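The values are calculated or read from the model by the stated rules, or taken from the named source; none is laboratory data. Computed from a predicted model, the values in this text were never measured in an experiment. All Cβ positions, even for glycine, are placed from backbone atoms using ideal geometry, and neighbour counts span all protein chains on display.
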Amino acid sequence: MMYSSAVVGLGRIGCGFDDTLKTNLVQTHTGAYLSNSKTNLVALCDVDEKKLEVYGKKFNIQNLYCDFKELLSKQNIDLLSICTHADTHLSLVEEATKHNVKGIYLEKPISNSLSSAKKIIELCKNNGIVLQINHQRRFHPFYHKLKKNISNNAVGRIQLVNIYYGGGVANTGSHVFDLIRFFFGDVKNLRGSFGENLVNVSDPNINGIIYCKNGTKINLQFLDYTQYNVLEFDIFGTNGRIIINLTKSTVKFFIKSTSKSLVYNELIPKPVKKIAQISAISKGLESLITAIETNSKPLCTGSDGFCSLEIILGLIQSAKNNDKLISLPIVSNHTIKSK
């Protein structure tokens with residue numbers, strides 16, 4: 001089957017990253033549809049007419065819309081990518097449910113509040129729409145292999161995890177928190193404190209401590225990413241250490257060894273095979289199509305997106321209450337502000 005597709009929101013993840021990032025890998029929703037043999041990208045939508053003109057011409061897309069409702073009324077869309085600000089997600093999903101859309105590829109975070117996130121999940125469920133959230137690392141085999149190694153105690157029992165990030169607790173943090181759950185399971189409780197708002201005051205930088213239900217303790221530390229980019233997991237086990245670069249999807253393994261010159265054991269590097277670079281966003285599109293065709297769950301569900309948002313809002317709630325310990329699930333009326 002050929003799936004008629006559309007992208008709403010032509011910003012960086014919608015189209016722009018394929019213009020600016022120095023890689024041959026597809027980095028955008030538009031690129032993913034254009035490179036998939038099962039999809040036909042028939043329409044683009046954005047409130048910015050200049051973006052529509054530029055990308056319509058670049059990708060030879062004739063159907064260009066500033067009005068989302070007009071797009072859905074004039075085009076029969078099977079797969080829809082929503083790449084707009086979080087506070088618009090609910091209204092766009094509501095409209096999509098009226099037009100027989102089969103699958104929605106929704107940008108993270110799932111929404112700007114827990115109540116609207118719940119409505120998005122319910123709307124898709126009640127209308128038979130497969131909803132997938134774009135936490136891209138869930139789609140990359142590299143992270144599935146790491147999860148297996150962690151679960152199989154490749155570096156022993158996990159003692160501590162340090163995470164370094166920048167770019168806001170919602171924007172970058174949503175990826176981090178989804179990966180925490182993917183590796184270590186659900187979060188039990190957490191603490192957060194505001195860091196210096198180095199770039200974007202609407203999406204604060206938060207330092208925190210996250211405790212998973214399985215006992216894993218995670219330290220969250222923000223850095224000024226405008227100076228240089230660091231997005232890393234540093235995992236300490238009883239028998240080794242794993243350092244994961246989330247930007248490049250690369251890893252360093254260290255294994256405990258008896259030292260010949262020191263009293264204590266030491267960690268020595270373990271050779272790692274070169275990892276094949278793939279387009280995670282394209283793999284995500286494949287996951288969405290497979291879920292539709294096999295009536296199964298996609299690799300990153302609406303519930304996964306909800307849990308990531310809950311951690312974001314929990315950290316903000318804790319920071320606003322002087323580092324108060326917050327237990328999950330939470331009841332929160334807080335919202336994420338759009339940029």
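Here are some notes:
- Filter pass, I330 being at pLDDT below 95 and in contact with a helix residue (DSSP H, G or I) (Cβ under 9 Å, 6 or more places away or on another chain): yes
- Scanning the range 217-240 for residues that are at pLDDT below 95, outside any loop (DSSP other than H, G, I, E, B) and of a type in the set (A, V, I, L, M) returns no hits.
- Residues (over 22 Å from the mean Cα position of the chain (by Cα) and not small (G, A, S)) located in the range 28-44: K38, T39, N40, L41, V42, L44
- Filter result for S296 (of a type in the set (S, T, N, Q), under 21 Å from Y105 (Cα atoms) and either part of a helix (DSSP H, G or I) or modelled with pLDDT of 95 or more (or both)): yes
- Here E70 meets each of (1) without any contact (Cβ under 8 Å) to a residue 60 or more places away in the chain; (2) out of contact with any Ser or Thr (no Cβ under 8 Å at 6 or more places or on another chain); (3) crowded, with 21+ Cβ neighbours inside 10 Å; (4) not hydroxyl-bearing (S, T, Y) with one exception, condition (3).
- Only one entry in V263, V251 is in the same structural domain as Y225 (by TED's automatic domain parsing), outside any helix (DSSP H, G or I) and without any contact (Cβ under 8 Å) to a residue 12 or more places away in the chain, namely V263.
- Unique match (being touching a residue at least 12 places away in the same chain (Cβ under 8 Å), crowded, with 17+ Cβ neighbours inside 10 Å and of a type outside the set (K, R)) among D224, D203: D203
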